[in-house]
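K.L.:
Please find one structure pasted underneath; my questions will follow.
The values are calculated or read from the model by the stated rules, or taken from the named source; none is laboratory data. In this text the structure is predicted, and so the values were computed from the model without any measurement. Glycine gets a Cβ as well: all are built from the backbone with ideal geometry, and neighbour counts include every protein chain shown. Protein only, heavy atoms only, side chains kept; ligands, DNA and RNA dropped before computing areas. Shrake-Rupley method; radii C 1.70, N 1.55, O 1.52, S 1.80 Å.
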Amino acid sequence: MAEREAAFGVERGGQRLDQAVAAQLSQLSRAQVQRLIKAGAVTVNGRTSKPSYLVETGDQIVVRLPEEAEAAVLPEPIPLDILYEDEHLLVVNKPAGMVVHPAYGHSSGTLVNALLAHAPQVANVGGLERAGVVHRLDRDTSGLLLVAKDEETRIGLQRQFKRRQVAKSYLALVEGRVTPREGVIEAPVGRDKRQRKRMAVVRSGREATTTYRVIEAFADHTLLEVRPHTGRTHQVRVHLAWLGYPLVGDEVYGLRRQRLLQGRHFLHAWRIAFIHPITGERMAFEAPLPRELDALLAQLRASRQG
């Protein structure tokens with residue numbers, strides 16, 4: 001079978017090799033990554049290694065992948081809500097329910113499939129599995145995403161994310177009355193040792209910081225503006241649940257029986273601000289709440305007044 005290669009450099013060491021590769025190549029499960037490593041299809045600085053090898057900052061990792069993984073990523077004419085576009089980048093308002101990157105079980109209908117149809121050149125930006133997407137949102141999180149249309153822009157945006165120069169704000173409705181009205185959550189986030197598909201606050205996790213402020217309080221719920229200052233997987237959801245205020249609608253980290261919102265959780269990437277990597281212009285965008293989230297807030301306000 002024909003093969004292709006995916007190559008990337010390690011920006012921060014300390015992870016196991018199989019974890020680092022699985023995090024970079026979201027279409028592969030960790031078990032699949034381990035099989036590739038054991039088969040010698042993964043090299044670190046030109047040499048094969050074990051899944052348990054702890055990667056170091058600067059390590060160059062190359063993964064040989066079957067061609068079928070790439071063939072499954074096809075352009076699809078899916079409508080996109082584009083807030084801004086120029087020759088270098090896109091700002092997209094992603095709906096809840098849309099997976100960002102193709103993966104096993106989600107080979108079509110993803111944001112990447114839509115981007116390949118809208119701007120075919122993104123296939124060459126960061127590899128087909130990235131297609132220019134420089135950060136992620138969970139499937140059931142709606143809101144703003146940045147997409148680079150060329151490699152220089154991608155590198156520039158990633159540099160800003162790494163240096164924490166991109167300001168991101170989310171709107172989150174949580175269970176309970178949050179106190180104090182403003183706060184900083186500093187707790188390391190890593191893979192949950194008991195449930196490997198979940199993340200958790202764990203000592204061995206990577207440092208993570210989230211700030212929040214109360215926007216509006218209801219009888220049993222609170223609307224927050226939340227700012228993640230690091231980019232850990234599920235960071236906002238994990239941090240809020242750990243604090244005792246899980247997201248409304250979050251069936252993974254929140255209440256199993258959801259009373260107010262079903263089919264998604266109440267987390268919306270509301271605002272984003274960054275410097276255009278090519279023009280140097282300071283840019284800021286805001287995406288209004290989706291209709292279903294706006295309707296829920298209206299319902300809570302009506303109950304409070306009644």
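K.L.:
Quick one: which residue in 238, 214 is touching a Lys or Arg at 6+ places or on another chain (Cβ under 9 Å) and part of a helix (DSSP H, G or I)?
P.N.:
238
K.L.:
For residue 130, are the conditions met, namely being assigned to a loop (DSSP other than H, G, I, E, B), under 14 Å from the mean Cα position of the chain (by Cα) and without any contact (Cβ under 8 Å) to a residue 40 or more places away in the chain?
P.N.:
Yes: the conditions hold for residue 130.
K.L.:
Output yes when any residue across region 277-289 is assigned to a loop (DSSP other than H, G, I, E, B), open to solvent by less than 20 Å² (accessible area, probe 1.4 Å) and within 21 Å of residue 174 (Cβ to Cβ), and no when none is.
P.N.:
So far as region 277-289 goes, yes, one or more of its residues are assigned to a loop (DSSP other than H, G, I, E, B), open to solvent by less than 20 Å² (accessible area, probe 1.4 Å) and within 21 Å of residue 174 (Cβ to Cβ).
K.L.:
Looking at region 167-193 only, could you name the residues that are of a type in the set (Val, Ile, Thr) and open to solvent by less than 20 Å² (accessible area, probe 1.4 Å)?
P.N.:
174, 178, 185, 189
K.L.:
Of the numbered conditions (1) of a type outside the set (Ser, Thr, Tyr); (2) assigned to a helix (DSSP H, G or I); (3) open to solvent by 10 Å² or more (accessible area, probe 1.4 Å), residue 157 satisfies every one except a single condition; which is it?
P.N.:
Of (1) of a type outside the set (Ser, Thr, Tyr); (2) assigned to a helix (DSSP H, G or I); (3) open to solvent by 10 Å² or more (accessible area, probe 1.4 Å), only one is false for residue 157: (3).
K.L.:
From the residues in region 76-89 that are within 19 Å of residue 154 (Cβ to Cβ) and not aliphatic (A, V, I, L, M), which one is surrounded by the most Cβ atoms within 10 Å (Cβ to Cβ)?
P.N.:
Only one residue fits best here, namely 88.
K.L.:
Next up: Can you pull out every residue in region 24-51 that is closer than 30 Å to residue 109 by Cα and aliphatic (A, V, I, L, M)?
P.N.:
25, 28, 31, 33, 36, 37, 41, 42
K.L.:
Going residue by residue through region 250-273, is there one that turns out to be open to solvent by 60 Å² or more (accessible area, probe 1.4 Å), modelled with pLDDT of 95 or more and either closer than 19 Å to residue 162 by Cα or in contact with a Leu (Cβ under 8 Å, 6 or more places away or on another chain) (or both)?
P.N.:
yes
K.L.:
While we're on this one: I'm checking my understanding of the structure. Among residues of region 49-65 that are in contact with a Lys or Arg (Cβ under 9 Å, 6 or more places away or on another chain) and open to solvent by 70 Å² or more (accessible area, probe 1.4 Å), which one is nearest to residue 128 (Cα to Cα)?
P.N.:
Out of the qualifying residues, it is 64.
K.L.:
Taking the condition within 22 Å of residue 185 (Cβ to Cβ) and aliphatic (A, V, I, L, M), does residue 261 pass?
P.N.:
In short, no.
K.L.:
Among the listed residues 99, 122, identify the single one that is at pLDDT below 95, farther than 30 Å from residue 217 by Cα, touching a Ser or Thr at 6+ places or on another chain (Cβ under 6 Å) and open to solvent by less than 50 Å² (accessible area, probe 1.4 Å).
P.N.:
99
K.L.:
Take residue 244 and decide whether it is farther than 24 Å from residue 99 by Cα and in contact with a His (Cβ under 8 Å, 6 or more places away or on another chain).
P.N.:
Criteria not met by residue 244.
K.L.:
Report, by residue number, each residue of region 200-234 that is crowded, with 22+ Cβ neighbours inside 10 Å and either in contact with a Pro (Cβ under 8 Å, 6 or more places away or on another chain) or modelled with pLDDT under 95 (or both).
P.N.:
Within region 200-234, 208, 210 meet the criteria.
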